[in-house]
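Encoded as structure tokens, the structure appears first; notes follow it.
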Amino acid sequence: MRARAFMAGLAAVTMLTGCGGLAAQSGGKDPAKPDSASVSDARKKLNKLQVKGRAARTGFDRDEFGPAWSDVDHNGCDTRNDILKRDMKDETFKAGTHDCIVLSGTLDDPYSGKTISFKRGQDTSTAVQIDHLVPLSDAWQKGAQQWSATKRKEFANDPLNLLAVDGPLNGQKSDSDAATWLPPRKAYRCAYIARQIDVKSKYDVWVTAAEKTAMEGILKDC
């Protein structure tokens with residue numbers, strides 16, 4: 001019950017985060033296409049972001065952003081399981097974990113449009129992965145090197161920057177920005193770019209000139 005109460009609050013919070021909130025609805029529902037006001041807001045935020053070249057990747061390590069999938073909100077569940085619960089439907093849970101550890105569920109993958117059956121296990125868990133919409137390495141090269149350890153940990157576990165997606169596509173994306181990778185499902189690209197902009201605006205992560213051009217191109221067609 002404690003975990004479910006948290007997720008209800010999380011859904012309410014993400015719906016208030018601007019156009020990115022449209023991409024963060026719970027229950028495995030397909031995100032709505034941002035309306036004209038949300039797209040306009042995304043353009044304004046994009047125009048306020050600094051445009052600079054990438055810094056060197058030197059020194060980047062996943063540990064610079066804290067332990068993977070910490071329980072930063074102290075609800076008793078790690079961040080990975082929180083996002084699986086938020087984004088999937090028909091979940092089952094490991095007994096005795098207060099509905100924290102997700103054993104199975106169904107994901108309507110926003111990146112591909114496929115329906116994916118998730119089953120926890122050594123050979124099956126990777127079918128659904130948690131993507132950082134703004135990759136940690138990308139953030140590292142665009143400002144995060146100068147952040148405190150606390151801010152980097154917050155960034156890595158912020159639900160606004162996290163999405164359950166098709167595992168192979170997440171691997172394909174890797175640490176790419178919008179200039180080099182977009183979801184193959186074109187209907188999701190507006191929401192994807194709007195949410196990336198929300199994240200970069202929230203944390204003052206800059207964009208490259210090529211990245212900004214790519215984002216503007218997507219928003220133009222929204």
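The values are calculated or read from the model by the stated rules, or taken from the named source; none is laboratory data. What you are looking at is a predicted structure, and each value in this text was computed from that prediction instead of being measured. Here the Cβ positions follow ideal geometry from the backbone for every residue, glycine too, while neighbour counts run over all protein chains shown. For accessibility, only protein heavy atoms count, side chains too; no ligands or nucleic acids. Shrake-Rupley method; radii C 1.70, N 1.55, O 1.52, S 1.80 Å.
Confirm whether Ala42 is aliphatic (A, V, I, L, M), under 17 Å from the mean Cα position of the chain (by Cα) and closer than 22 Å to Glu211 by Cβ. Yes: the conditions hold for Ala42. I need the full set of residues from segment 141-159 which are in contact with a helix residue (DSSP H, G or I) (Cβ under 7 Å, 6 or more places away or on another chain) and open to solvent by 10 Å² or more (accessible area, probe 1.4 Å), in order please. Scanning segment 141-159 gives Arg152, Lys153, Pro159. Residue count for segment 130-163 under the criterion of being within 26 Å of Asp109 (Cα to Cα) and among the β-branched types (Val, Ile, Thr): the result is 2.
The set of residues in segment 101-129 being touching a residue at least 60 places away in the same chain (Cβ under 8 Å) and crowded, with 19+ Cβ neighbours inside 10 Å consists of Gly105, Leu107, Asp109, Pro110, Tyr111. Residue under question is Ala32, and the condition is that it be buried (at least 18 other Cβ atoms within 10 Å of the Cβ) and either among the small types (Gly, Ala, Ser) or modelled with pLDDT of 95 or more (or both); does it hold? Criteria not met by Ala32. In segment 160-187, of all residues being farther than 16 Å from Val205 by Cβ and in contact with a helix residue (DSSP H, G or I) (Cβ under 6 Å, 6 or more places away or on another chain), the one that is surrounded by the fewest Cβ atoms within 10 Å (Cβ to Cβ) corresponds to Trp181.
Can you tell me which residue is farthest from Leu163 (Cα to Cα) among those in segment 96-121 that are under 16 Å from the mean Cα position of the chain (by Cα) and part of a loop (DSSP other than H, G, I, E, B)?
Residue satisfying both the conditions and the ranking: Ser112.
Filtering segment 57-90 to residues that are farther than 21 Å from Val128 by Cβ and either in a strand (DSSP E or B) or basic (Lys, Arg) (or both) leaves only Arg57.
Among residues of segment 170-188 that are farther than 22 Å from Thr208 by Cα, those with a beta-carbon under 8 Å from a residue that is of a type in the set (Lys, Arg) and surrounded by 13 or more Cβ atoms within 10 Å (Cβ to Cβ) at least six positions away or on a different chain give the pairs Ala187/Lys33.
Within segment 40-97, being open to solvent by 50 Å² or more (accessible area, probe 1.4 Å) and in contact with a strand residue (DSSP E or B) (Cβ under 7 Å, 6 or more places away or on another chain) holds for Val51, Lys89, Asp90, Thr92, Lys94.
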